[in-house]
Amino acid sequence: MAAELPGPAFPDFKSAAQVRQLCDSGLKGAKARVATLESRPGSGGWIAEYDALNAWIEDAYGPVGFISNAHPDAAIRTAAEACDLRWQDFFTGMTQNARLFRAAKASTPADDVDRAALRSILETFEDSGVGLAPAQRAKAKQLANRISLLGQRFDKNVRDDNTLLPFDEAELAGVPEGVLKAAKRDKQGRVLLALSYPVYFPVMERAEKPATRERMWRAKTNVGGDANLKLLGEIARLRREYAKLFGYDSYADFTLRRRMAVNVANTQRFLEEVKAVVTEGEARDLVELRAAKAKHLNQPVESTRLERWDLSFYTERLRKERFAVDEESFRPYFPPQESLQFVMRVAEKMFGIRYERVEAKLWHPEAQAYAVTDATTGKALASLIVDLYPRDGKYGHAAVWPYRGGSTLTGRTPQAVMLVNFDRKGLTMDELETLLHEFGHALHSNLSNTRYNLSSGINVQHDFAEAPSQMLEDFVLDRQVLKLFQEVCPSCKPVPDEMVEKARAAKEFTKGSLTARQHLYASFDLALHAADAPEPMALWARLEGATPMGYVPGTRFPAGFSHVAGSYGAGYYGYLWSLVVAMDLRTAFAADRLNAAVGKRYRDTVLSQGGQREPAQLVREFLGRDTNAKAFFDDLKK
């Protein structure tokens, strides 16, 4: 008997009119339920009642709030975007509701879990402006709605970019044959290359002609264009204006007080520590890459200039020369569907769970649904939907949307969607790592076992949210872990141990420059949300201009930096901050990545707890000590 999808079925969106109808009925129902809760004073049961309201709203809003990122019908995506803005207006109004706020403050938490939930509720109301004077409260709502609209436009401009660059066959020397075969041709017979990751990365790593790489790099770096630069500048200014309503000089000051980092000073201090360690490694990497270019072109190093569009190409050449590793050579070993089954099998071994594919009518024939159950009890835990391949109109990166949280109080199960964009021919080792990273987010949702829906899954402090996914990343370089591939695909040729060891050694190469780049992104984001809210392009040109490679005039990287325009505003440093925690968590699995006993402890003490306990508490309980940065900095210094 086939497993059923836990929780409600994902809506089968067939028309824009249907989206509008669901939007109308959802908002009507949500407003009615808010009115009902308004009439109830705070009490010992009020937190559960508010959580039930939140759960109903999640079911009404979650799918329609997600679908603009994946549906192949542009009209449905547009209708969903319009609906999303209406819901954002509703959310701001609900969390500015003074009657609900008073009831929340009058509530009596029964224990620490209740206290954590109540604290989260109160902070959300406070950060929405419920305590402001009426005129300021109205201004806060106006600003929040405007920021949501601008962020949506920014993402749409990136997502809907359909750039196709024409190249003659001769310009594409070195580019993998599979990329060329899959590409469209224009009337002149030229190859039309998109900027999607399955095309972009092989071109940047393999195209022999510098002019080809430069055209691709410039086009990718300029996605979003001047329109998005204007949007990002306005978003930053409005965020600062929003923070000032609450008495803060900057948006960074306003938002970081709710994070593990606590304040801007701590965040800057951390970034300075990272920079001090990676500077030498970055300089060393660039010296080696410049020498590799000089050797390749048979010219003196002194007269050789290393360009940004050279980095991936010469990194790949050095990997092959020094470590005999070619990322493209991994694709036959890691077919996409089997790679998905592989990461699921890793999770099954580690955490005592099972994934079973189930039938479900979804937005695209290639989207797939899975039921997640406990391996011992058979209890339904969650459901996961996966969409593997790129297409026009789809979100172009890799991400997870936990659109429905779980609750042990009501027996509610979590649901999430994972979108990735992989080459149908197979994954590289780096792409397999990306898949496992995103699957880590899915697991954080799937294995949540919190009392309240509000605390479910990745509803954690923002600078901890990446830790459970980053913790798993290096598992793909473990030979024991990779042997699980044959369990899900006996006919797949095993990747040779020698290739894995070479990939592990190559992973250390350019670690300094890659970490330095993450540091630059984090520094840009933090400075953009400082008290002066500088113009994005001028700030980027200044900060990138101070790096060893400098700034390339005419390029507009911030125009495509969706993280900063969206929920990672003043929070991009969280990738590095979370990595510190992740690498410390990883030490518990050092002896055996698949140790089921350690995995169960990790599932029970970290993944299942969501946001109902502080991250530092969870890590302390799992490791038996306070977390520290030793593993992170030791690794950077290798």
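Read-outs: derived from the displayed coordinates by stated rules, not from any lab. Predicted model only: the values in this text are computed from it and were never measured. Quick reminder, even Gly has a Cβ in these numbers, built from the backbone with ideal geometry, and neighbours come from all protein chains shown.
A few comments on the model shown:
- Net charge over other residues, Cβ less than 9 angstrom from the Cβ of L409 (K, R count +1; D, E count -1): +1
- Mean ellipticity per residue at 222 nm, deg cm²/dmol - from DSSP H runs of n ≥ 4 across the chain, formula -39500 (n - 2.57): -17500 deg cm²/dmol
- Were the residues from A74 through R305 laid out at 0.36 nm apart, the gain over their Cα-Cα distance would be 78.8 nm.
- Extended-chain gain in nm, criterion 0.36 nm per residue less alpha-carbon gap, E169 and K31: 43.8 nm
- Legend: ranking of residues R357, R412 from fewest to most surrounding C-beta atoms inside 10 Å; resulting order R357, R412.
- Exposure proxy ranking for Y389, Y333, based on other Cβ atoms within 10 angstrom of each Cβ and starting from the fewest, stands as Y389, Y333.
- Among the listed pairs K349/K507; K275/K511; K394/K507; K275/K507, those with a Cα-Cα distance over 18 Å are K349/K507; K394/K507; K275/K507.
- Distance between the stretch 76-141 and the stretch 229-250 - C-alpha centres, whole angstrom: 20 Å
- Whole-Hz couplings from phi, Karplus 6.51/-1.76/1.60, listed for the stretch 190-199; x for Gly and Pro: 6, 7, 9, 9, 7, 9, 5, 4, x, 9
- Taking the DSSP beta bridges with both ends in the chain, the antiparallel portion is around 80 percent.
- All Cα-Cα separations within the stretch 135-284 were binned at 10 Å from zero, giving a P(r) of 9, 24, 22, 24, 15, 6, 0, each value a whole percent of the pairs.
- The share of alpha-carbon pairs in the stretch 582-638 lying farther apart than 19 Å comes to 30%.
- Here the ratio of the Cα radius of gyration of the stretch 165-216 to 2.2 N^0.38 Å is 0.98.
- Selection from T163, V325, F66, by position along the positive dipole direction of the chain (Cβ): F66
- Inter-part distance, the stretch 516-560 to the stretch 275-313, computed on C-alpha centroids, equals 21 Å.
- In nm, spacing of pseudo-spin labels at R424 and T108 (7 Å Cα→C-beta vector): 6.3 nm
- Label point distance in nm, L409-R115, each placed 7 Å from Cα along Cα→Cβ: 1.7 nm
- Residues of type aspartates and glutamates that K105 reaches as a straight line, Cα spacing below 18 Å, ignoring anything fewer than 8 places off in the same chain: E38, E49, D51, D114, E123, E126, D127
- Cβ-derived FRET efficiency at R0 60 Å, L297 paired with A98, nearest 0.05: 0.30
- Cβ-Cβ FRET estimate between K638 and D226, R0 fixed at 45 Å, reported to 0.05: 0.60
- Shown in residue order for the stretch 162-172 are the 3J(HN,Hα) couplings computed by the Karplus curve 6.51 cos²θ - 1.76 cosθ + 1.60 at θ = phi - 60°: 10, 4, 10, 9, x, 9, 6, 4, 5, 6, 10 Hz (x for Gly and Pro).
- Exposure proxy order (Cβ contacts within 10 Å, fewest to most) of T547, T36, T373, T515: T36, T547, T373, T515
- One Cα centroid belongs to the stretch 1-75, the other to the stretch 389-429; the line between them spans 19 Å.
- Whether the stretch 52-158 is rounded, prolate or oblate, judged on the alpha carbon gyration tensor where a/c under 1.5 counts as rounded: oblate
- Helix axis angle, 264-297 relative to the chain longest principal axis, alpha carbon, degrees: 20 degrees
- Charge-dipole axis of the chain as Lys and Arg at +1 and Asp and Glu at -1 on Cβ define it, positive-most pick from G554, L477, A32: A32
- Förster radius 60 Å - calculated FRET efficiency between T279 and S39 (Cβ-Cβ, nearest 0.05): 0.50
- Rg/Rh, computed from the Cα trace of the stretch 280-427 with Rh as the Kirkwood radius, has the value 1.16.
- The chain: relative contact order as a whole-number percent, Cα under 8 Å and 6+ apart: 17 percent
- Label-point gap, in nm, between E214 and E508 - each point 7 angstrom along Cα→Cβ: 3.6 nm
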